[in-house]
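Take a look at the structure below.
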Amino acid sequence: MSDPIVEAKLEVKQASKEVKESENVAEKYSAMTVSKNSEMNMGDLSPVVSAVPTHKPVKKQIQFVDDKQEFSRFPTKAGRRSLSRSISQSSTDSYSSAASYTDSSDDETSPRDKTQVNSKGSSDFCVKNIKQAEFGRREIEIAEQDMSALISLRKRAQSEKPLAGAKIVGCTHITAQTAVLIETLVALGAQCRWTACNIYSTQNEVAAALSETGVAVFAWKGESEDDFWWCIDRCVNTEGWQPNMILDDGGDLTHWMYKKYPNVFKKIRGIVEESVTGVHRLYQLSKAGKLCVPAMNVNDSVTKQKFDNLYCCRESILDGLKRTTDVMFGGKQVVVCGYGEVGKGCCAALKALGAIVYVTEIDPICALQACMDGFRVVKLNEVIRQVDVIITCTGNKNVVTRDQLDRMKNGSIVCNMGHSNTEIDVASLRTPELTWERVRSQVDHVIWPDGKRVILLAEGRLLNLSCSTVPTFVLSITATTQALALIELYNAPEGRYKQDVYLLPKKMDEYVASLHLATFDAHLTELSDEQAKYLGLNKNGPFKPNYYRY
């Protein structure tokens, strides 16, 4: 038999040896690190870091290529941003896949005050920095690789030029994915002028790349409210160019043209709108008898609702929250306001990470869906004091009020996944008793007199496109739908579409879906003649009636 005392001594001795070996490894690694650091050529790091402390801790500033902004301290009260819509330089940087490259100049001059010319000698654009065009072109080329269906449509229709003579004025998010759409429209024969539908979502380098090719782009990340409307006006009001088609996202462009340029608006041949907010405004015009052109409601198409709204938001909600707050969601209590397709996507993503998710709803059908999916449906006031995160995605206004914000606990996060910035009552937070601190790009701490902080993301604007990126593939589905809607409206014989709002033909929805199946090597089953006759269908579709709910 072995002696337990001897064994114990051996175990202690072995453990002591392991500790010493561990210490030796740590010392060795530390020595290697110091050695490597000492051998590094600090000149190679000078564009990024001005100094690295060695033996004595000397206080130095860390500087970045893009704006050389100091991050070593919070801004002083005098230096905090004003309560206007203007924002700090750090938030003008594009959240592309290499955002640090964006705007390598520390020039804070407004693009409106600059004179820029592209390589073709044109100055009919206004972007942050035309010199970023080459980098933006690489971003667009990367996006093209995951938008094969839209590229396929471009190749198929390019020789026919179905948009020849079309003069499209667009107001959408200006990202690499949107650029692929714009360049597809140009390849199909259209002339385009473009502006941004959101002051924070523009990728500056992409806007530069489009401007370099001759597309008149008026947009940059971090526009003020005045800049926003100025850019829209520059797109519409230009000498010798009369738009005849509108591609809108949110309805701001349509509203501006209708109010300020009614004669121009009457000559429009068709409007394509992709957001619930914009569609709502179109239906209001139609109901009032003031819509004098046909409009296509892309937002309620199956390919937009079931793919962009659901799957895109399911992935991008976490991306936006993680980049801005670094929050861990396991065990967090989250309220998602609205259980439409966007809300469903957000809830699914949050639930998968272990969050405790509540849902608020006005529609009993959506509320029942939420219950059946395992979420508790509540009124916001019932849980306002205990929740950690509130996400709005209703398309409504004042979904989260000042009274509710006052009752939220310290450190709570508030953000919006709807198109419009009306869902959170941000205006009520711009009062003298509350202090705003910009802690990082698109992240503000709103501080109450008692020291409580509420974290507001993107000033209540669309979180995913303001603070992160969105999946390219799913945007290909929406972009293809938009392109086909423009082709349909522009080429429709007179009388097919009256002055009203229309849904996409079911056949068009199915065609868009079929173009994207090849990516997954998916093979559709074909109906036999007997089966098609039994179901009363055409073998080539459409396969569902217009009233079918997918």
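The values are calculated or read from the model by the stated rules, or taken from the named source; none is laboratory data. If you're wondering where the values come from, they're calculated on a predicted model, not measured in any experiment. Here Cβ is always computed from backbone atoms with ideal geometry, including for glycine, and neighbour counts include all displayed protein chains. Note: accessible area is taken over every heavy atom of the protein model, side chains too, but ligands, DNA and RNA are not part of it. Shrake-Rupley method; radii C 1.70, N 1.55, O 1.52, S 1.80 Å.
Open to solvent by less than 50 Å² (accessible area, probe 1.4 Å), closer than 27 Å to ARG549 by Cβ, part of a helix (DSSP H, G or I) and in contact with a Cys (Cβ under 7 Å, 6 or more places away or on another chain): is that true of VAL357 in this structure?
Details: open to solvent by less than 50 Å² (accessible area, probe 1.4 Å): yes; closer than 27 Å to ARG549 by Cβ: yes; part of a helix (DSSP H, G or I): no; in contact with a Cys (Cβ under 7 Å, 6 or more places away or on another chain): yes.
When the stated conditions are applied, VAL357 does not pass them.
Could you go through the stretch 223-235 and let me know if any residue there is touching a Gly at 6+ places or on another chain (Cβ under 9 Å), under 20 Å from THR277 (Cβ atoms), open to solvent by 10 Å² or more (accessible area, probe 1.4 Å) and not aromatic (Phe, Trp, Tyr). Please lay out each step first, then the result.
Of all residues in the stretch 223-235, those touching a Gly at 6+ places or on another chain (Cβ under 9 Å) come to 235.
Right, trim to under 20 Å from THR277 (Cβ atoms) and you get 235.
Pick out the ones that are also open to solvent by 10 Å² or more (accessible area, probe 1.4 Å) and you get none.
No, that holds for no residue.
Being among the charged types (D, E, K, R) and closer than 30 Å to PRO493 by Cα: is that true of GLU160 here? Can you show your working first?
Numbers: among the charged types (D, E, K, R): yes; closer than 30 Å to PRO493 by Cα: yes.
So GLU160 passes the test.
For a quick check of your reading of the model, give me the residue pairs whose first member lies in the stretch 362-388 and is modelled with pLDDT of 95 or more, whose second is assigned to a loop (DSSP other than H, G, I, E, B) and of a type outside the set (Ser, Thr, Tyr), with beta-carbon atoms closer than 7 Å and at least 6 apart or on different chains.
Close Cβ pairs satisfying both conditions: CYS366/GLY340; ALA367/GLU361; ALA370/GLU361; VAL377/GLU361; ILE384/MET408; ARG385/LYS409; ASP388/LYS332.
If ILE271 satisfies every condition in (1) in a helix (DSSP H, G or I); (2) open to solvent by less than 10 Å² (accessible area, probe 1.4 Å) but one, which is the exception?
(1)
Restricted to the stretch 389-426, and to residues that are in contact (Cβ under 8 Å) with a residue 60 or more places away in the chain and of a type in the set (A, V, I, L, M), which residue is nearest to CYS337 (Cα to Cα)?
Going through the stretch 389-426, the residues in contact (Cβ under 8 Å) with a residue 60 or more places away in the chain turn out to be 389, 391, 393, 395, 399-400, 413, 415, 417-420, 423.
Retained after the next criterion (residues that are of a type in the set (A, V, I, L, M)): 389, 391, 399-400, 413, 417.
Working: VAL389: 11, ILE391: 6, VAL399: 8, VAL400: 9, ILE413: 14, MET417: 10 Å.
Once the filter is applied, the top-ranked residue is ILE391.
Filter the stretch 129-158 for residues that are under 19 Å from the mean Cα position of the chain (by Cα) and touching a residue at least 40 places away in the same chain (Cβ under 8 Å); which is surrounded by the fewest Cβ atoms within 10 Å (Cβ to Cβ)?
ILE142
So if I check each of THR184, THR178, THR195, THR202, which one is in a loop (DSSP other than H, G, I, E, B) and not small (Gly, Ala, Ser)? Let's see the steps before the verdict.
Details: THR184 fails: in a loop (DSSP other than H, G, I, E, B); THR178 fails: in a loop (DSSP other than H, G, I, E, B); THR195 fails: in a loop (DSSP other than H, G, I, E, B).
THR202 is the lone residue from the list that is in a loop (DSSP other than H, G, I, E, B) and not small (Gly, Ala, Ser).
Given the structure, is SER122 in contact (Cβ under 8 Å) with a residue 60 or more places away in the chain, more than 20 Å from ILE199 (Cβ to Cβ) and out of contact with any Cys (no Cβ under 7 Å at 6 or more places or on another chain)? I'd like the intermediate steps shown before the answer.
On the way: in contact (Cβ under 8 Å) with a residue 60 or more places away in the chain: yes; more than 20 Å from ILE199 (Cβ to Cβ): yes; out of contact with any Cys (no Cβ under 7 Å at 6 or more places or on another chain): yes.
The answer is yes for SER122.
Residues to consider are ALA187, ALA176, ALA164; find the one that is of a type in the set (A, V, I, L, M, F, W, C) and within 17 Å of the chain's Cα centre (by Cα). It would help to see each step written out before you state the result.
Details: ALA187 fails: within 17 Å of the chain's Cα centre (by Cα); ALA164 fails: within 17 Å of the chain's Cα centre (by Cα).
Testing whether each residue is of a type in the set (A, V, I, L, M, F, W, C) and within 17 Å of the chain's Cα centre (by Cα) leaves just ALA176.
Which condition number does VAL298 fail, the rest of (1) surrounded by fewer than 24 Cβ atoms within 10 Å (Cβ to Cβ); (2) over 23 Å from ILE391 (Cβ atoms); (3) touching a Ser or Thr at 6+ places or on another chain (Cβ under 6 Å) being met?
Failing condition for VAL298: (1).
Per-residue answers, yes or no, for (1) in contact (Cβ under 8 Å) with a residue 40 or more places away in the chain; (2) under 22 Å from the mean Cα position of the chain (by Cα):
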| position | (1), (2) |
| --- | --- |
| VAL272 | yes, yes |
| ASN299 | no, yes |
| LYS332 | yes, no |
| ILE356 | no, no |
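Scan the stretch 125-167 residue by residue and report those that are outside any helix (DSSP H, G or I) and in contact with a helix residue (DSSP H, G or I) (Cβ under 7 Å, 6 or more places away or on another chain). If you could, list the steps in order and put the result at the bottom.
As a first pass, look at the stretch 125-167 and keep what is outside any helix (DSSP H, G or I): 125-129, 146-147, 158-167.
Across the stretch 125-167, the qualifying residues are PHE125, CYS126, VAL127, LYS128, ASN129, ASP146, MET147, GLN158, PRO162, LEU163, ALA166.
Looking only at the stretch 507-550, which residues are touching an Asp or Glu at 6+ places or on another chain (Cβ under 8 Å), over 22 Å from ASP308 (Cα atoms) and open to solvent by less than 50 Å² (accessible area, probe 1.4 Å)?
Of the stretch 507-550, the ones touching an Asp or Glu at 6+ places or on another chain (Cβ under 8 Å) are 508, 539, 541-543.
Keeping just the survivors that are over 22 Å from ASP308 (Cα atoms) gives 539, 541.
GLY541, the sole residue that qualifies.
Is there a residue being touching a helix residue (DSSP H, G or I) at 6+ places or on another chain (Cβ under 7 Å), touching a residue at least 40 places away in the same chain (Cβ under 8 Å) and within 30 Å of SER152 (Cβ to Cβ) anywhere in the stretch 436-445?
No, the stretch 436-445 has no match at all.
Scan (1) modelled with pLDDT of 95 or more; (2) among the aromatic types (Phe, Trp, Tyr); (3) open to solvent by 50 Å² or more (accessible area, probe 1.4 Å) for the single condition TYR311 breaks and write down its number.
The single condition TYR311 does not satisfy is (1).
Does the stretch 496-503 contain any residue that is touching a residue at least 40 places away in the same chain (Cβ under 8 Å) and loosely packed, with under 11 Cβ neighbours inside 10 Å? Walk me through it before giving the result.
First, the residues of the stretch 496-503 that are touching a residue at least 40 places away in the same chain (Cβ under 8 Å): 497-503.
Adding the requirement that they be loosely packed, with under 11 Cβ neighbours inside 10 Å leaves 498.
Scanning the stretch 496-503, I find at least one residue that is touching a residue at least 40 places away in the same chain (Cβ under 8 Å) and loosely packed, with under 11 Cβ neighbours inside 10 Å, so the answer is yes.
Condition test on ARG430, is it among the charged types (D, E, K, R), surrounded by fewer than 21 Cβ atoms within 10 Å (Cβ to Cβ) and within 19 Å of GLY338 (Cα to Cα)? It would help to see each step written out before you state the result.
Working: among the charged types (D, E, K, R): yes; surrounded by fewer than 21 Cβ atoms within 10 Å (Cβ to Cβ): yes; within 19 Å of GLY338 (Cα to Cα): no.
Answer is no for this residue.
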